[in-house]
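> The structure under discussion is supplied below as structure tokens; questions concerning it will follow.
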């Protein structure tokens, strides 16, 4: 009898503790956030990606009623930041403006100690940015079909520049060459602007440039804008056709993006809170217009859309990297 009562008392004690723990956990999640949030940016301060991340983080902080502490963790083409976030506590207090390179680097680099699919939980897309195919202004073409005809008529004569081996605009250039079965030389530089300067000077003939870098050249007539690399036209250069439009094909897409990720196993209630807040951020028209002036398009989404972007670009760019044997 005494033993039975003792067992019942112990059972009631542990049942009460579980209820208390569960209640405390729910209350903690309901109260999220209750302290400042670290917002990790994988680039140095001052660039378009950094400025865009800061603008979205500030607006997200206002919606969450929390202070966002921006931490720039540049290096190894974003791998340093990605590994830092992957190893951070999964409590919702470390957010990551993850770039497309998060799915490229595991194939491109030899020392990447994270899995894009296993070590992160997606929240929402943040921005997308097209590449602009532009040429030296003296090249005797005015549209993509003329450019393709010129390259095909002169195998190995024409050159396309990149901002560096394995960079996203290098992969875009290789994707372009493979899509249209072209023979041309790929010339690597240390950054987009040195490549653009050589294009202006006629040392290379063309390149895929980030929208913000191409804008002043194309709009001033110092280069010829041929097409944009995304599925839709872009607001900052609305007269430029997409490559699909200009070539009469379907499915060409090469773009830079940032997505909001958190460490894997972050509580579902916290991810939901962040996703809901990002939907409000995405409805901010003033912010959208400000980002468009920087050459980027704000894009908010469900976690599933982020997953689709990661899977799509991980396969597409990974296949090209492996086929070409590119390794950093």
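The values are calculated or read from the model by the stated rules, or taken from the named source; none is laboratory data. Keep in mind the model is a prediction, meaning the values are calculated, not measured. Here the Cβ positions follow ideal geometry from the backbone for every residue, glycine too, while neighbour counts run over all protein chains shown.
> Checking residue 177 against (1) over 20 Å from the mean Cα position of the chain (by Cα); (2) in contact (Cβ under 8 Å) with a residue 40 or more places away in the chain, which test does it fail?
Result: residue 177 fails condition (2) only.
> Right, here's the next one. Scan 132, 123 and give me the residue that is over 15 Å from the mean Cα position of the chain (by Cα) and either crowded, with 24+ Cβ neighbours inside 10 Å or in contact (Cβ under 8 Å) with a residue 60 or more places away in the chain (or both).
Values: 123 fails: over 15 Å from the mean Cα position of the chain (by Cα).
Going through 132, 123 in turn, just one is over 15 Å from the mean Cα position of the chain (by Cα) and either crowded, with 24+ Cβ neighbours inside 10 Å or in contact (Cβ under 8 Å) with a residue 60 or more places away in the chain (or both): 132.
> Any residue in the range 11-32 that is farther than 30 Å from residue 109 by Cβ, outside any helix (DSSP H, G or I) and modelled with pLDDT of 95 or more?
So the first thing to find is which residues in the range 11-32 are farther than 30 Å from residue 109 by Cβ, and the list is 11-32.
Cutting the leftovers down to outside any helix (DSSP H, G or I) gives us 31-32.
If we keep only those that are modelled with pLDDT of 95 or more too, we end up with 32.
Yes.
> Here's a follow-up. Between 262, 218, 228, which is within 27 Å of residue 290 (Cβ to Cβ), in contact with a strand residue (DSSP E or B) (Cβ under 6 Å, 6 or more places away or on another chain), assigned by TED's automatic domain parsing to the domain that holds residue 99 and modelled with pLDDT of 95 or more? Lay out the reasoning, then the answer.
Details: 218 fails: assigned by TED's automatic domain parsing to the domain that holds residue 99; 228 fails: assigned by TED's automatic domain parsing to the domain that holds residue 99.
Result: 262 is the single residue among 262, 218, 228 that is within 27 Å of residue 290 (Cβ to Cβ), in contact with a strand residue (DSSP E or B) (Cβ under 6 Å, 6 or more places away or on another chain), assigned by TED's automatic domain parsing to the domain that holds residue 99 and modelled with pLDDT of 95 or more.
> Name the strands (runs of 3 or more DSSP E) wholly within the range 165-271 that hold at least 1 residues that are more than 26 Å from residue 309 (Cβ to Cβ)?
Ranges flagged: 185-188, 206-210, 223-228.
> Go through the range 56-81 and give me each residue that's out of contact with any strand residue (DSSP E or B) (no Cβ under 9 Å at 6 or more places or on another chain) and either assigned to a loop (DSSP other than H, G, I, E, B) or in contact (Cβ under 8 Å) with a residue 60 or more places away in the chain (or both).
59, 63, 65, 75
> I'm told residue 305 meets every condition in (1) surrounded by fewer than 19 Cβ atoms within 10 Å (Cβ to Cβ); (2) touching a strand residue (DSSP E or B) at 6+ places or on another chain (Cβ under 7 Å); (3) on the phi > 0 side of the Ramachandran plot except one. Can you identify the failing condition by its number?
Failing condition for residue 305: (3).
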